[in-house]
1. Would you say Phe76 is of a type in the set (A, V, I, L, M, F, W, C) and in contact with a His (Cβ under 8 Å, 6 or more places away or on another chain)?
2. Would you call Pro94 under 16 Å from Glu119 (Cα atoms) and in a loop (DSSP other than H, G, I, E, B)?
3. Where residues in the stretch 98-141 are assigned to a loop (DSSP other than H, G, I, E, B) and within 17 Å of the chain's Cα centre (by Cα), which of them is modelled with the lowest pLDDT?
4. Select, from Thr16, Thr8, the only residue that is in a strand (DSSP E or B) and either more than 24 Å from Tyr123 (Cα to Cα) or touching a Cys at 6+ places or on another chain (Cβ under 6 Å) (or both).
5. From the list Ser79, Ser60, which residue is small (Gly, Ala, Ser), in a strand (DSSP E or B) and within 27 Å of Ala122 (Cα to Cα)?
6. Met102: of a type in the set (A, V, I, L, M) and surrounded by 21 or more Cβ atoms within 10 Å (Cβ to Cβ), yes or no?
7. I want to confirm something. Restricting to the stretch 33-74 and keeping residues that are loosely packed, with under 12 Cβ neighbours inside 10 Å and among the aliphatic types (A, V, I, L, M), which single residue is farthest from Tyr91 (Cα to Cα)?
8. Identify all residues within the stretch 44-57 that are more than 10 Å from the chain's Cα centre (by Cα) and either assigned to a loop (DSSP other than H, G, I, E, B) or farther than 17 Å from Gly112 by Cα (or both); write none if there are none.
Amino acid sequence: MKAGRIRTLRGILTATGAPAVARRNLVVADGLINYGLKITKFQLWAVDPTDSFVGILSYSTISSGSTMNAGDNRQFAWSVGNGTGDLNPTYIDPDHIINRDMFISISDAAAGDYNYLIECQAYALDDNEAIISIIKETSQS
């Protein structure tokens, strides 16, 4: 695995409903399985710092009502906003590579806008590393 440049993905999601949810596909499979991204930083915060939320990065969409689940191999990063305006704790599985799709989901939130900033390192993968990465993202524990 050869490291490449650092990329950032950033934007804003609008959560709607009660409790509010939002989802977006951030990385779309391009068929280049020998190119991958490793998330090194995941920051998620509400425009209104008193809003609480649960944020998840995953390889596939997470259904409404799902919670943070480290046993679900589709999920690899989590952020929790407690509504106090403090820094939000973030957890990232260090053993993951995205070489197909990546989704961001916000749930258990107040309706409103949520900012995200994701830092990722690009990697060139050999065929074996690419296959292992695909198996990891699709298998369940």
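1. Spelling it out, Phe76 is indeed of a type in the set (A, V, I, L, M, F, W, C) and in contact with a His (Cβ under 8 Å, 6 or more places away or on another chain).
2. The answer is yes for Pro94.
3. Of everything passing the filter in the stretch 98-141, Arg100 is modelled with the lowest pLDDT.
4. Just a single option satisfies the conditions, and that option is Thr16.
5. On inspection, the qualifying residue turns out to be Ser79.
6. Against the criterion (of a type in the set (A, V, I, L, M) and surrounded by 21 or more Cβ atoms within 10 Å (Cβ to Cβ)), Met102 qualifies.
7. Among them, the one singled out is Val47.
8. Val47, Asp48, Pro49, Thr50, Asp51
The values are calculated or read from the model by the stated rules, or taken from the named source; none is laboratory data. Everything numeric here is computed off the predicted structure, so don't read it as measured data. When we count neighbours, we look across all protein chains shown, and the Cβ atoms used for this are built from the backbone with ideal geometry, even at glycine.
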